[in-house]
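J.: Take a look at the following structure, please.
The values are calculated or read from the model by the stated rules, or taken from the named source; none is laboratory data. Keep in mind that what you see is a predicted model, and the values were worked out from it rather than measured. All Cβ positions, glycine included, derive from the backbone under ideal geometry; neighbour counts span all protein chains shown.
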Amino acid sequence: MNFSPTVFHITHHKAGSQWVAEILKYCALERFQRPDVDLSFFYNTPIKPETVYLTVYVPKKDFEHVTACDPRLSWQGIKYSMGHPQLYMKNWVNFQMKRIPCRRFIVIRDLRDTLVSLYFSWKISHVFHFPWQFKSRELLSESTEEQGLLYWIGEGERTRFDGRFNPPFLKAQYDLMNHSKANDIVAFLKKILDYIADIQVSWIHDDSLLIRYEDLIADEIGVFERIVDHCQIPVSRDRLHEIIRYNRFETVTGRQRGEENIQAHQRKGIAGDWRNYFSETIKNKFKARFGEVLIKTGYEKDLNW
């Protein structure tokens, strides 16, 4: 039996994830899996063959263990498979025994621009559902812009997530955070940027198709053509171009890229915006915690930026 590939759009927050997802959705309306807030559709449900999974915010080891794409389990992976035996076995049968094809592509963005986008989204435009999130918005609104950005950057060693099945935005953690105080909220914001950094570093040398957000906004047509070809999604060029035009920044917002609206989810839509917000203090703090991430992901050659 011939199967269409199971497709995974692996990415992180603020890397154009919803924009990419909307275009892929209309390329494969009958196949796409609607995502949820806390990744239950990935971690707690068997993978459906031939489905297009959108906005899968997971580091590499988590992905490989859950989908059984790599049967060599770490201790954490063994604990996960024992806790989800039916789920893991079903995925193992489909992807190891039946060899159902799997295609994945990864979209990443300069972590500095990701930080700035997170800050404005969390402070102003993101739709919230949990009480602690509104507390965090109050905290950011009462702080200076520099201090708000520093909350996200944090201090000390980065929290590691790859292969630990513990993304910071699981619903159970959100429920615990509802009774949190300001210091706990600040610590949690730091974890979110740590998690994004872990996603980027874990996938950067994978043999899947790697897409940079910066290339995507520079050549929407060309890059989306590469994505659908890589994922073997049977959509005509004319239809793909129509979907792209309908969902491009200018069409959705009524603004040109670079024209800012801080109240909108699509605030600015450009690359390199971090330069407008990084003070020397922010730059030095960011280099201390994430400078090596920029080098590993190819956004800088060294720390002299």
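J.: Let me spell it out: the conditions are (1) among the small types (Gly, Ala, Ser); (2) closer than 17 Å to Arg109 by Cβ; (3) at pLDDT 95 or above, and Ala288 meets all of them except one. Which number is the exception?
T.: Failed condition: (2).
J.: Which one of Gln133, Gln147, Gln76 is more than 21 Å from the chain's Cα centre (by Cα) and surrounded by 15 or more Cβ atoms within 10 Å (Cβ to Cβ)?
T.: From the options Gln133, Gln147, Gln76, the qualifying one is Gln76.
J.: While we're here: Checking the structure you have, find out if any residue of segment 131-151 is closer than 28 Å to Lys79 by Cβ, without any contact (Cβ under 8 Å) to a residue 12 or more places away in the chain and not in a helix (DSSP H, G or I).
T.: No, that holds for no residue.
J.: Now a separate question. Can you confirm whether Phe120 is buried (at least 18 other Cβ atoms within 10 Å of the Cβ), closer than 30 Å to Leu73 by Cβ and out of contact with any Leu (no Cβ under 6 Å at 6 or more places or on another chain)?
T.: Working: buried (at least 18 other Cβ atoms within 10 Å of the Cβ): yes; closer than 30 Å to Leu73 by Cβ: no; out of contact with any Leu (no Cβ under 6 Å at 6 or more places or on another chain): yes.
Judged against the criteria, Phe120 is not a match.
J.: Which one of these is buried (at least 21 other Cβ atoms within 10 Å of the Cβ) and within 24 Å of Tyr174 (Cα to Cα): Pro35, Pro46, Pro59?
T.: Pro59 is the lone residue from the list that is buried (at least 21 other Cβ atoms within 10 Å of the Cβ) and within 24 Å of Tyr174 (Cα to Cα).
J.: Further question on the same structure: Pick out the one residue from Leu140, Leu149, Leu111 that is modelled with pLDDT of 90 or more, hydrophobic (A, V, I, L, M, F, W, C) and closer than 17 Å to Ser17 by Cα.
T.: The conditions single out Leu111.
J.: Could you list all residues from segment 167-201 that are charged (D, E, K, R), surrounded by 15 or more Cβ atoms within 10 Å (Cβ to Cβ) and either assigned by TED's automatic domain parsing to the domain that holds Phe105 or out of contact with any helix residue (DSSP H, G or I) (no Cβ under 8 Å at 6 or more places or on another chain) (or both)?
T.: Matches in segment 167-201: Lys191, Asp194, Asp198.
J.: Pairs under 9 Å by beta carbon, first residue on the phi > 0 side of the Ramachandran plot in segment 227-245, partner of a type outside the set (Gly, Ala, Ser) and buried (at least 16 other Cβ atoms within 10 Å of the Cβ), six or more apart or different chains?
T.: Cβ pairs passing all conditions: Gln232/Pro5; Gln232/Val7; Gln232/Arg103.
J.: Would you mind finding the one in Ala28, Ala15 that is more than 23 Å from Trp203 (Cα to Cα) and either under 15 Å from the mean Cα position of the chain (by Cα) or among the hydrophobic types (A, V, I, L, M, F, W, C) (or both)?
T.: Result of the check over Ala28, Ala15: Ala28.
J.: In the set Gly156, Gly163, which member is in a loop (DSSP other than H, G, I, E, B) and either surrounded by fewer than 16 Cβ atoms within 10 Å (Cβ to Cβ) or not assigned by TED's automatic domain parsing to the domain that holds Glu280 (or both)?
T.: It is Gly156.
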